[in-house]
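Once you've had a glance at the structure underneath, I'll fire off some questions.
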Amino acid sequence: MKEKSSPRIEHAVEIAKKAHEGQFRKTGEPYIVHPLAVKKILEEWGMDEDTIIAGILHDTVEDTPLTLNDIKKEFGESVAFLVDGVTKLSNARDGMRDIDTYLPATRDNFLRLMIALGDDIRVLIIKLADRLHNLRTLSALPPEKQKKIAKETLEVFAPLADRLNMGLLRVEMADMAFKYVDPKRYAELKDIIDRYNKSAARSLKKIEQEITEALNKEKIKFELSGRVKSVYSLHKKLAKHDQNIHEIYDLTALRIIVEDVTDCYLTLGVIHSLYTPMSGRIKDYIAMPKQNGYQSIHTTVITKDKRVVEFQIRTHEMHEYAEHGLAASFYYNEQKLTENYKKGKIEHLPTNLLWITELQTTAAKLREGKKVDLKKLKLNLFADRIFVYTPKGDIIDLPKGALPLDFAYRLHSEIGDHVVGVKINGKMSNLSKKLEHGDIVEILTSKNQTPHTSWLDKMFTPHARQKLLHQLNKDKK
Ligand code: MN
């Protein structure tokens with residue numbers, strides 16, 4: 001993605017330079033180096049002009065005489081809004097690590113964070129760029145501060161990058177931070193990975209040749225590359241598998257990028273005809289994307305010389321999205337997405353990013369002074385989501401804990417209002433049954449059915465509850 005330049009951007013650079021004049025970073029460099037680095041990161045991510053300008057100015061309101069009003073006058077409401085959001089987020093930062101405990105002070109900070117975040121997800125993207133550059137220059141800080149920032153990165157920022165499917169960012173942040181949190185463990189694991197890669201190099205070369213030959217024969221256009229496992233993800237996986245390295249199957253992984261979805265499946269067939277697939281290790285994230293929108297087919301095979309290799313197959317578009325996530329959506333869909341955020345429209349967001357909309361709805365409620373159950377909010381933000389299916393095979397994205405009525409109202413309120421029963425995976429079930437990931441849900445309706453107040457107890461999502469209450473009020477009249 002190319003560097004952006006415009007009179008507005010250049011003007012912002014001039015203003016930031018003046019504002020930060022005489023300030024220095026802990027590294028000894030003039031302070032302006034930092035906002036300019038953030039600018040560059042946002043450009044690399046392909047962000048829009050307003051976001052880049054806000055990135056250049058992100059520390060001015062907090063640390064310089066420049067005011068939000070000055071920014072508004074020079075660059076307009078949108079930029080001022082983003083800078084304000086980043087400033088609020090910085091203030092809330094200290095409390096974020098204690099989200100679980102809901103101490104009153106924490107809750108306050110968390111609220112501010114949510115309000116800032118909920119308004120415009122670009123605030124978070126600027127904050128991620130800010131954090132990334134601070135991590136890259138972390139060595140200049142005193143050890144205690146290094147650890148604090150590194151820990152916070154592992155607990156909050158890397159998971160959020162993952163939530164936005166910004167794969168490259170997640171890996172870079174997590175590995176850099178882990179190095180500060182546990183330097184000894186980092187070195188050990190890095191050594192394991194390096195030695196493993198070295199020992200696998202020769203057979204990997206042979207595999208690449210075999211694959212290339214076979215795919216050429218099928219006339220499939222492709223790009224092949226090796227993927228090195230990140231240190232932090234190995235650390236997490238080992239913890240899950242009792243430190244048994246033999247249960248880690250993706251230490252060697254090859255990535256194949258092809259032109260379209262059909263070629264993804266053809267390529268899978270080619271790989272399985274060359275090598276023996278390990279049973280239970282084929283994951284089709286194309287048909288069933290991960291909750292953050294990630295798509296790819298993963299398969300683990302055993303090669304002729306008894307090596308375990310994981311293949312990841314995806315299209316160029318899926319690859320772009322897996323590396324840059326939501327930022328990539330901005331790049332491709334910049335205007336539309338931004339406009340829709342502002343209008344509060346949800347239908348142009350990919351369904352697997354609906355949690356962002358939930359966040360925005362909650363933020364709006366908070367601003368109006370309405371009561372919000374923070375426990376539920378946290379659930380929506382951090383807990384897993386499930387994907388269930390209609391009998392026709394449409395995928396519906398719901399929060400974990402959703403019930404059949406949530407599903408029905410998600411399909412259409414006409415369906416929700418006339419529910420008489422539900423079949424789950426072809427069997428009659430009941431409306432109190434929690435839906436599971438992968439369930440096929442068939443809602444049975446009758447024209448004569450009308451909504452009941454008691455249904456409120458059989459609902460999990462605010463969305464369904466709202467639709468039902470709407471209908472109940474209408475019936476009363
Ligand atoms: Mn900063």
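The values are calculated or read from the model by the stated rules, or taken from the named source; none is laboratory data. Values in this document were obtained by computation on a predicted structure and should not be read as measured data. Glycine also receives a Cβ, built like all others from the backbone with ideal geometry; neighbour counts cover every protein chain displayed. We work out accessible area using only protein heavy atoms, side chains counted, and drop any ligands, DNA or RNA first. Shrake-Rupley method; radii C 1.70, N 1.55, O 1.52, S 1.80 Å.
I'd like to know if the stretch 82-92 contains one or more residues that are modelled with pLDDT of 75 or more and farther than 23 Å from M166 by Cα. Break it down stepwise before answering.
Of all residues in the stretch 82-92, those modelled with pLDDT of 75 or more come to 82-87.
Checking which are farther than 23 Å from M166 by Cα leaves us with 84.
Within the stretch 82-92, one or more residues are modelled with pLDDT of 75 or more and farther than 23 Å from M166 by Cα.
Of all the helices (runs of 4 or more DSSP H) wholly in the stretch 23-92, which have at least 3 residues that are within 14 Å of the ligand (Cβ to nearest atom) and under 29 Å from L168 (Cα atoms)?
Working: elements: 33-44, 49-56, 60-63, 68-75, 77-92.
Qualifying helices (runs of 4 or more DSSP H): 33-44, 49-56, 77-92.
Yes/no matrix, rows are residues, columns are (1) at pLDDT 90 or above; (2) more than 21 Å from V309 (Cβ to Cβ); (3) out of contact with any strand residue (DSSP E or B) (no Cβ under 9 Å at 6 or more places or on another chain):
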| residue | (1), (2), (3) |
| --- | --- |
| K198 | no, no, yes |
| E210 | yes, no, yes |
| K221 | yes, yes, no |
| Q243 | no, yes, yes |
| T252 | no, no, no |
| V261 | yes, yes, no |
| G269 | yes, no, yes |
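I've got another one for you. Kindly indicate the residue of the stretch 428-477 that is under 28 Å from the mean Cα position of the chain (by Cα), assigned to a loop (DSSP other than H, G, I, E, B) and at pLDDT below 90 and also surrounded by the most Cβ atoms within 10 Å (Cβ to Cβ) among those meeting that condition.
Only one residue fits best here, namely T461.
Only one residue in Y249, Y321 is open to solvent by 10 Å² or more (accessible area, probe 1.4 Å) and within 25 Å of N197 (Cβ to Cβ), so which one is that? I'd like the intermediate steps shown before the answer.
Details: Y321 fails: within 25 Å of N197 (Cβ to Cβ).
Answer to the selection: Y249.
Continuing with the same structure: Given (1) under 30 Å from F178 (Cα atoms); (2) open to solvent by 50 Å² or more (accessible area, probe 1.4 Å); (3) outside any loop (DSSP other than H, G, I, E, B), where does I257 come up short, assuming only one miss?
Against the list (1) under 30 Å from F178 (Cα atoms); (2) open to solvent by 50 Å² or more (accessible area, probe 1.4 Å); (3) outside any loop (DSSP other than H, G, I, E, B), I257 comes up short only on (2).
Among (1) open to solvent by less than 20 Å² (accessible area, probe 1.4 Å); (2) on the phi > 0 side of the Ramachandran plot, where does G76 come up short?
Failing condition for G76: (1).
Okay, moving on. Could you check, for the stretch 403-419, whether at least one of its residues is at pLDDT below 95, surrounded by fewer than 16 Cβ atoms within 10 Å (Cβ to Cβ) and over 32 Å from the mean Cα position of the chain (by Cα)?
Yes; the residues of the stretch 403-419 include at least one that is at pLDDT below 95, surrounded by fewer than 16 Cβ atoms within 10 Å (Cβ to Cβ) and over 32 Å from the mean Cα position of the chain (by Cα).
Pull up the stretch 223-241, narrow it to residues that are charged (D, E, K, R) and assigned to a strand (DSSP E or B), then point me to the one that is modelled with the highest pLDDT. It would help to see each step written out before you state the result.
Keep residues of the stretch 223-241 that are charged (D, E, K, R), which gives 223, 227, 229, 236-237, 240.
Filter once more, keeping what is assigned to a strand (DSSP E or B): 223, 227.
Values: E223: 96, R227: 78.
My answer is E223.
Could you list all residues from the stretch 395-427 that are hydrophobic (A, V, I, L, M, F, W, C) and under 14 Å from R465 (Cβ atoms)?
Step one: list which residues in the stretch 395-427 are hydrophobic (A, V, I, L, M, F, W, C), which gives 395-396, 398, 402-403, 405, 407-408, 411, 415, 419-420, 422, 424.
Residues satisfying the conditions are L398, A402, L403, L405, F407, A408.
State whether the residues of the stretch 162-177 include one that is within 14 Å of the ligand (Cβ to nearest atom) and of a type outside the set (S, T, N, Q).
Here is the first cut: in the stretch 162-177, the ones within 14 Å of the ligand (Cβ to nearest atom) are none.
Within the stretch 162-177, none of the residues are within 14 Å of the ligand (Cβ to nearest atom) and of a type outside the set (S, T, N, Q).
Is it true that K237 is farther than 20 Å from K283 by Cα and either in contact (Cβ under 8 Å) with a residue 24 or more places away in the chain or in the same structural domain as K283 (by TED's automatic domain parsing) (or both)?
Values: farther than 20 Å from K283 by Cα: no; either in contact (Cβ under 8 Å) with a residue 24 or more places away in the chain or in the same structural domain as K283 (by TED's automatic domain parsing) (or both): yes.
No.
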